[in-house]
Amino acid sequence: MRKRCAQEFVISLLVLVFLNQIEGNGLSKEWSIIDEDLVNSTGITNDQPTYLWPLPKKRSNGNVTVTVDPNLGLVIQGIGHNSSLVREAFARYKNIILTHHVKFGNRNSEQNIEYSISKLIITVSTADETLQLGIDESYSLYVPVGDEHSIVQGAHLEAKTVYGALRGLETFSQLCSFNFMTKNVEISNAPWFIQDKPRFAFRGLLLDTSRHYQPVEIIKQIIDSMSYAKLNVFHWHIVDEESFPLEIPSFPGLWKGSYTGWERYTFDDAHDIVEFAKSRGINVMAEIDVPGHAESWGVGYPDLWPSADCREPLDVSKNFTFEVIASILADFRKIFPFKLFHLGGDEVHTDCWTNTPKVKEWLDEHNMTARDAYQYFVLRAQKLAINLGWTPVNWEETFNAFSEKLNPKTIIHNWLDSGVCPRAVGKGFKCIFSNQGVWYLDHLDVPWEKVYSSDPLEGIDDSSQQKLVIGGEVCMWGETADASDVQQTIWPRAAAAAERLWSSTDDTSSDLDTVLPRLEYFRCLLNQRGIPAAPVRNELARRPPSGFGSCYMQ
């Protein structure tokens, strides 16, 4: 017993040094605070399995099991100690950690139980809660082997920003599990030392709400599930040629293009979704895909169509078209604070322009080919967005067609060709990776292994060019996904991309046999949290289990 107390005293001293020496950016640059010999002498080892997803950047752990108090308390310290966002997040995660088993499991137990972890001490070093791309999401987490002899009380989580604290809360929640024998929430392999930060600033998921309407509550469930995998950009592909479900105050007739009067989002709905996402540390990047993919716009305003028989792309010859776009952007600016705005620009088939006499006449008057008009439309839309303070994002066709004319601020969004990001960064553009062959979730025959093995930096060796790849995004296109099956289609394959975007390649294994148990565990964790993630090993995504068996082996 005396030896154990001495070991814990050494660990306690180490963590105090650890917490005191963390640099102002929320993470020390080197993992040199913990002396390797002392770590070994206290039983800390990396040999134990780590069922964390995505895998933290740096971690050390021991071999002791500690218990978590059902009345786990919160102490917030630092300049950001008044954050309601952190307090609300702690309440959510406390509810996740302390499952219904905990609420009823100790009903007849003795009342004077000594728990190892009775509180979580969170230190946030800044009060600014502005959420934008590149916000510091790093955190440091220490879970001690505590008892009445320990000078370290509770677990410690330190972050520069509230959003780093959110990421640390997720990791802490994944360390906790319910033991059905002891009827306690426990953390195995303590003490834990974790230092973590993301590999890429942009870690996204696209959701298409035009091909099938997704209710607001489903969107919120998806945003919640994104936070569990540490994704941080919800790319809302709101409208497309099939339907226009969103209210636009300046042009209220636009949502006449919705499927029905019940499948719509009010302006307040959109604002609510943005605020909900912010509370999970997730940016919302809105998209209006112009000039193609916009037939539904003309249901309310037929003048936007080149003709009644030829309905897209939007009519390039009318100033009214750009008045509508400008008004949509101005309305959106009131509720979408994220600095990136997606303007689409893909799959623009210009036959309507050349086959409609009045548009063809306009092209001739302006000495334009249809290709010239495509460029003109994209650049004019970009200018409207930039004037409102947005950075434009466009699908790769714009880069492929007229890269030399694009605004240099443009972020190129890859989807067709695996070589687009290398070419884009080679010309000085930033890039988002979403190669359809590996990261399109509606491609049901793409297995998790292929998703996991793909890398946004593939084919880019120059370190300065690598920095221009801001991250990547998995895309949930909606032709065959509605509220009944969208989550099963997203998960668990989106989690494979999430780890690729969060964790360093040096810290993740190329041996997929060692990755599979962690991914299966995470899939089951999602199920426990009410997210209907499909079995990992399905030959085709979102299929139900083929027979009986454990969640952890499917």
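The values are calculated or read from the model by the stated rules, or taken from the named source; none is laboratory data. Remember, it's a predicted structure, so these values are computed and weren't measured experimentally. Note that we place each Cβ from the backbone using ideal geometry, even for glycine, and neighbour counts take in every protein chain shown. All accessible areas refer to the heavy atoms of the entire protein, side chains included, with ligands and DNA or RNA removed. Shrake-Rupley method; radii C 1.70, N 1.55, O 1.52, S 1.80 Å.
Just a few scattered comments:
- Restricting the first member to segment 74-90 and to residues that are farther than 11 Å from ALA165 by Cβ, and the second to residues that are among the basic types (Lys, Arg) and modelled with pLDDT of 95 or more, the beta-carbon pairs closer than 6 Å and six or more apart or on different chains are VAL75/LYS119.
- Any hit, segment 60-69, residues being modelled with pLDDT of 90 or more and open to solvent by 60 Å² or more (accessible area, probe 1.4 Å): yes
- Within segment 161-184, restricting attention to residues that are in contact with an Asp or Glu (Cβ under 7 Å, 6 or more places away or on another chain) and not aromatic (Phe, Trp, Tyr), the residue that is surrounded by the most Cβ atoms within 10 Å (Cβ to Cβ) is GLY164.
- From the list LYS119, LYS103, the lone residue that is open to solvent by 60 Å² or more (accessible area, probe 1.4 Å), outside any loop (DSSP other than H, G, I, E, B) and either closer than 23 Å to ALA201 by Cβ or at pLDDT 95 or above (or both) is LYS119.
- Filter result for VAL152 (touching a strand residue (DSSP E or B) at 6+ places or on another chain (Cβ under 7 Å) and either modelled with pLDDT of 95 or more or open to solvent by less than 50 Å² (accessible area, probe 1.4 Å) (or both)): no
- Within segment 511-533, considering residues that are open to solvent by 50 Å² or more (accessible area, probe 1.4 Å) and either without any contact (Cβ under 8 Å) to a residue 12 or more places away in the chain or among the basic types (Lys, Arg) (or both), the one nearest to PRO56 (Cα to Cα): THR514
- Listed by first and then second residue, the pairs with beta-carbon distance under 6 Å, at least 6 apart or on different chains, first residue in segment 125-146 and touching a residue at least 60 places away in the same chain (Cβ under 8 Å) and within 14 Å of PRO337 (Cβ to Cβ), second open to solvent by 20 Å² or more (accessible area, probe 1.4 Å) and of a type outside the set (Asp, Glu), are LEU131/LYS278; GLN132/LYS339; LEU133/ALA201.
- Within the option set GLU479, GLU458, GLU473, GLU499, being of a type in the set (D, E, K, R) and touching a strand residue (DSSP E or B) at 6+ places or on another chain (Cβ under 6 Å) holds for one residue only, GLU473.
- Segment 373-394: number of residues that are part of a helix (DSSP H, G or I) and surrounded by fewer than 16 Cβ atoms within 10 Å (Cβ to Cβ): 3
- The residue that is surrounded by the fewest Cβ atoms within 10 Å (Cβ to Cβ), among those in segment 479-492 that are outside any loop (DSSP other than H, G, I, E, B) and in contact with a Pro (Cβ under 8 Å, 6 or more places away or on another chain), is GLN488.
- Qualifying positions in segment 425-437 - open to solvent by less than 10 Å² (accessible area, probe 1.4 Å) and more than 27 Å from TRP448 (Cα to Cα): VAL425
- Selection from segment 280-322 of residues that are open to solvent by 20 Å² or more (accessible area, probe 1.4 Å), in a loop (DSSP other than H, G, I, E, B) and among the small types (Gly, Ala, Ser): ALA308, SER317
Matching residues to (1) modelled with pLDDT of 95 or more; (2) of a type in the set (Val, Ile, Thr); (3) more than 15 Å from GLY344 (Cα to Cα):
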site: ASN407; (1), (2), (3): yes, no, no
site: ILE412; (1), (2), (3): yes, yes, no
site: GLY419; (1), (2), (3): no, no, yes
site: PHE429; (1), (2), (3): yes, no, yes
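- Test: residue in segment 499-513 that is at pLDDT 95 or above and not in a helix (DSSP H, G or I): yes
- Within the span defined as segment 142-149, one or more residues are assigned to a strand (DSSP E or B) and crowded, with 18+ Cβ neighbours inside 10 Å.
- Residue count for segment 347-366, restricted to those that are in contact with a helix residue (DSSP H, G or I) (Cβ under 7 Å, 6 or more places away or on another chain) and without any contact (Cβ under 8 Å) to a residue 40 or more places away in the chain: 3.
- Where a residue in segment 486-500 is farther than 14 Å from GLU539 by Cα and touching a residue at least 24 places away in the same chain (Cβ under 8 Å) and its partner, wherever it lies, is of a type outside the set (A, V, I, L, M, F, W, C) and part of a helix (DSSP H, G or I), with Cβ under 6 Å and at least six apart: ALA496/TYR452
- Every residue from segment 238-273 that is within 17 Å of ASP208 (Cα to Cα) and not in a loop (DSSP other than H, G, I, E, B): LEU246, TRP255, GLY257, TYR265, ASP269, ALA270, ILE273
- The condition of being farther than 26 Å from PHE178 by Cα, at pLDDT 95 or above and surrounded by 20 or more Cβ atoms within 10 Å (Cβ to Cβ) does not hold for THR130.
- Scope segment 75-94; condition assigned to a loop (DSSP other than H, G, I, E, B) and open to solvent by less than 80 Å² (accessible area, probe 1.4 Å); matching residues: GLY78, GLY80, HIS81, SER83
- Residue match in segment 208-221 (condition: under 21 Å from VAL274 (Cβ atoms), open to solvent by less than 10 Å² (accessible area, probe 1.4 Å) and part of a helix (DSSP H, G or I)): yes
- Matching residues in segment 235-279 - criterion: being over 24 Å from LEU314 (Cβ atoms), touching a residue at least 24 places away in the same chain (Cβ under 8 Å) and surrounded by fewer than 23 Cβ atoms within 10 Å (Cβ to Cβ): ASP269, HIS271, ASP272, ILE273, VAL274, PHE276, LYS278, SER279
- Here LYS339 clears all of (1) surrounded by fewer than 17 Cβ atoms within 10 Å (Cβ to Cβ); (2) over 30 Å from the mean Cα position of the chain (by Cα) except the condition numbered (2).
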